[in-house]
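**Q** Mind having a look at this structure? Questions to follow.
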Amino acid sequence: MALTQRFLAIPVLALALAVTACAPTMPREQARAQAQELAQQARSLAGQGDYAGAAARYREAAALADEGQAHLLRLRAVGMLLDAGSTTEAAKLLASLPEKTDHEQARAHRAVARATLAAADDRPGDALALLESATVAGDDALQRRWLALRARLREQTGDDLGAARDRSRLDAFVAGEAAEANRAALWAALERLDVAALEAAADGDGAFEGWTALAAIANRYATNGGALMTALGTWSARFPDHPAGITHVPRLRETALMLGTRPDHIAVLLPMEGAFARAGAAVRDGLVAAWLQDPPDARPRLSFFAESAPAPWDGYEAAMDAGAEWVIGPLTKDALAVLGRDEAMPLPTLALNHLETPAGDEGSVTGAPDQLFQFGLSPEAEAREVALRAWFDGHQQALVLTPASPWGERVATAFIEEWAELGGVVAESGTYGASPDEMSRAVAALVNVDASEQRGRTLRGILARDLETEPRPRRDAHFVFLAAATADARQLRPQLRFHRAGDLAVYSTSHVYDGTVEPTAARDLEDIRFADMPWMLREDHPGAALREAIGRWWPERARRYDRLFALGVDAYALASELPRLYDRPSTRLEGVTGRLGLDARRRVHRELTWAEFHDGGVRLLDIPYEPR
């Protein structure tokens, strides 16, 4: 029987050889080129996570490649099958390949494949030994597989530090979801270590040192929001391009803010000389007055440093050297503009002013450094709140009158932009000068009385006879937005009546109210509605007793800088309340400068109290509405 089978096989073999001889043979160079193209396709598929497809391409490439290259391509296919989870198929292919000990790269591929199979067979010790025998440098795919496997094995054996070190290196070889999963596993391994182990882990690898330093910070300051925020600022300056700066630092900052722990040491950066020295002193005294309201054992340490517009970093760095955890200040726009040029602030900082926002960029969350919060008594913000209130009151057509000054231009622009966004119409806008004549002409032009008088003169000229005409103001406006200090408003409001526009409602900002209610002055300002802080208007607000005390301690400065004292009071409160406002955007703090909330750009917004001059005094308007 065996002999018969042998003779029968001879014709079959001859036929196969004949068919092979008749088949067209691909030129060797063409076969090599096609093999290279297929290998490239395999690498591309592997980069997209299609490991099964990559394995198929590698096997197709091996069928066309030279013998030595074909062996390595089949080993690469084994690795791809293992990545795809096809363990059985990978094991069969690996077993079919001869073991070539003279080719270092082939030995490395075989060792990593055998280690992967050993790990799948629950033999971690054998797997680790095989990995240690492999030299994988120079092959990215093999390094990725080697590092990922060794990290998993180390996690299984409790070597969290070694696993984290491997995953830190693996970060350079993965992307997308694989990178996110790797970093999550890296962080989980570091979280299982104590601070001492983390701080002792530096080994000259800058990326890994960044991870361990960040994990040590998160561990050490797990219950102290202020200290955590400070340490994160220092870490960001030390590792500016670290991948954790994108993925983990923002989450840790949110954790710090959620903790809501008042910092133990607050540095205050204010002008101490020059034109703004008295304003700085008022803010300082308001802050200290609020600080004194706390029990002695609950007060943080306060340190004061000079704000200098040309070099505000001098004071800031001195605050850092003193160990401050938070900074309040600077107060002036110039100093804030210098500090605001950096992309990140080293310490959480509550500036007492606002960075200039580029035109058309009001909704942007960019442009301000990390850890910078902005809080101030912005006239532009008040102008926008006037627009909201007038719209709520049912008005649609506005007249706008502001002083001919940069301040007036900014306020007018803020009001007009907000009014247009609400859907309102500005029928006319104008500016006024400092003299009574300039004010009278500005009001006449605004309400169109001068045009009415010109129409009367023209008609008398056409008819060539005397006619009795009465100038009439325009009928296409519902109210006037008047930006003016008290003294100017006392002249402008009567001018509106004189020019027969006294029935128009008038709205203004807090600048129209100087904090006193003298009957004669109040009658000149009759019916003007304005927004101001509770500190100035309400006797039932939480800071009323403190305001009375400040008035006794510093009577002259309190009259002139009343609102800046209030700014200091609320700045002190915000140093501990910002975490809560940041974590819950709908939350409001009942401050003395208004109801305070924080937006996505880390700007503190104030909801003001509304009042109007009435019958020789000021009365509150308690109509509720919801500012944006």
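Each reported figure results from applying straightforward, stated rules to the coordinates on display, with no laboratory input. Just so it is clear, the model here is predicted, and its values are computed rather than measured. Every residue, glycine as well, gets a Cβ built from its backbone with ideal geometry; the counts of neighbours run over all protein chains shown.
**Q** Name the residues whose placed amide hydrogens come within less than 5 Å of the amide hydrogen of Glu307, ignoring near sequence neighbours (fewer than 5 apart) on the same chain.
**A** Leu270, Met272
**Q** Compute, for the stretch 169-259, the length of the dipole vector about the Cα centre, with Cβ point charges of +1 (Lys, Arg) and -1 (Asp, Glu) only. Units Debye, rounded to 20.
**A** 240
**Q** Taking 0.36 nm per residue of sequence separation and subtracting the Cα-Cα distance, how much length would be gained by fully extending the chain between Asp205 and Leu620, in nm to one decimal?
**A** So the chain would gain 142.9 nm between Asp205 and Leu620.
**Q** Run the numbers on the stretch 214-257 and let me know its relative contact order in percent, using alpha-carbon pairs under 8 Å that are six or more apart.
**A** Once normalised by length, the contact order is 47 percent.
**Q** Would you work out which of Leu574, Leu149, Thr247 lies farthest towards the positive end of the dipole of the chain, given +1 charges on the beta-carbon of Lys and Arg and -1 on that of Asp and Glu, about the Cα centre?
**A** In the chain, that residue is Leu149.
**Q** Another question, then. On a 0 to 90° scale, report how tilted helix 176-191 is relative to the longest principal axis of the chain, with both axes built from alpha carbons and the result rounded to the nearest 10.
**A** 80
**Q** For the chain, just say rounded, prolate or oblate: build the C-alpha gyration tensor, square-root its eigenvalues into a ≥ b ≥ c, call rounded for a/c under 1.5, and beyond that prolate if a/b exceeds b/c, oblate if not.
**A** Verdict is prolate for the chain.
**Q** Mind ranking 105-115, 548-558, 495-505 by how tightly packed they are, going by the mean number of other C-beta atoms within 10 angstrom, highest first?
**A** Answer by packing, highest mean first, reads 105-115, 495-505, 548-558.
**Q** Let me have the relative contact order for the chain, percent, based on Cα pairs under 8 Å that are six or more residues apart.
**A** With pairs under 8 Å counted, the relative contact order is 9 percent.
**Q** With 10 angstrom as the radius, rank Arg59, Arg43 by how many other C-beta atoms surround their C-beta, starting from the fewest.
**A** So the residues, fewest neighbours to most, are Arg43, Arg59.
**Q** When a footprinting reagent is the concern and you count Cβ atoms within 10 Å, what order do Met272, Met26 take, fewest first?
**A** The order, fewest Cβ neighbours first, is Met26, Met272.
**Q** Suppose every Lys and Arg Cβ carries +1 and every Asp and Glu Cβ carries -1, with no other charges. What dipole size does the stretch 463-606 come out with about its Cα centre, to the nearest 20 debye?
**A** Roughly 460 debye for the stretch 463-606.
**Q** Under a Cβ-Cβ cut-off of 10 Å, what is the net charge of the residues other than Pro300 that fall near it, where Lys and Arg count +1 and Asp and Glu count -1?
**A** 0
**Q** Give, in nm to one decimal, the length gained when the segment between Glu180 and Ala52 is fully stretched (0.36 nm per residue of separation minus the Cα-Cα distance).
**A** That works out to 43.9 nm of additional length.
**Q** Please report, in debye to the nearest 20, how large the charge dipole of the chain is about its Cα centre when each Lys and Arg carries +1 at its beta carbon and each Asp and Glu carries -1 there.
**A** With Lys and Arg at +1 and Asp and Glu at -1, about 1220 debye.
**Q** In the stretch 54-100, which GluC sites (Glu not before Pro) are in a loop and have at most 12 other Cβ atoms within 10 Å, using DSSP for the loop call?
**A** Glu99
**Q** With axes computed from alpha carbons, what is the tilt in degrees of helix 312-321 against the longest principal axis of the chain, rounded to the nearest 10 within 0 to 90?
**A** It works out to around 60 degrees.
**Q** So for the chain: antiparallel DSSP bridges make up what percent, rounded to the nearest 5?
**A** Percent antiparallel among DSSP bridges in the chain is about 30.
**Q** At most 16 other Cβ atoms within 10 Å and a DSSP loop assignment: could you name the GluC sites (Glu not before Pro) in the stretch 253-331 that fit?
**A** Qualifying residues, ordered by number: Glu273.
**Q** If you take every residue apart from Val400 with its C-beta less than 12 Å away from the C-beta of Val400, what net charge results, scoring Lys and Arg +1 and Asp and Glu -1?
**A** Computed value for this residue: -4.
**Q** Let me ask something else about it. In degrees from 0 to 90, rounded to the nearest 10, what is the angle of the helix 449-463 Cα long axis to the longest principal axis of the chain?
**A** The answer is roughly 60 degrees.
**Q** With a 10 Å radius around each residue's Cβ, average the other Cβ atoms per peptide and rank 368-376, 427-435, highest first.
**A** 368-376, 427-435
**Q** To continue, here is another question. Specify whether the C-alpha gyration tensor of the stretch 183-242 places it in the rounded, prolate or oblate class, a ≥ b ≥ c being the square roots of the eigenvalues: rounded for a/c under 1.5, otherwise prolate if a/b is larger than b/c and oblate if not.
**A** Oblate shape, in that a/c is at least 1.5 and b/c is the bigger or equal ratio.
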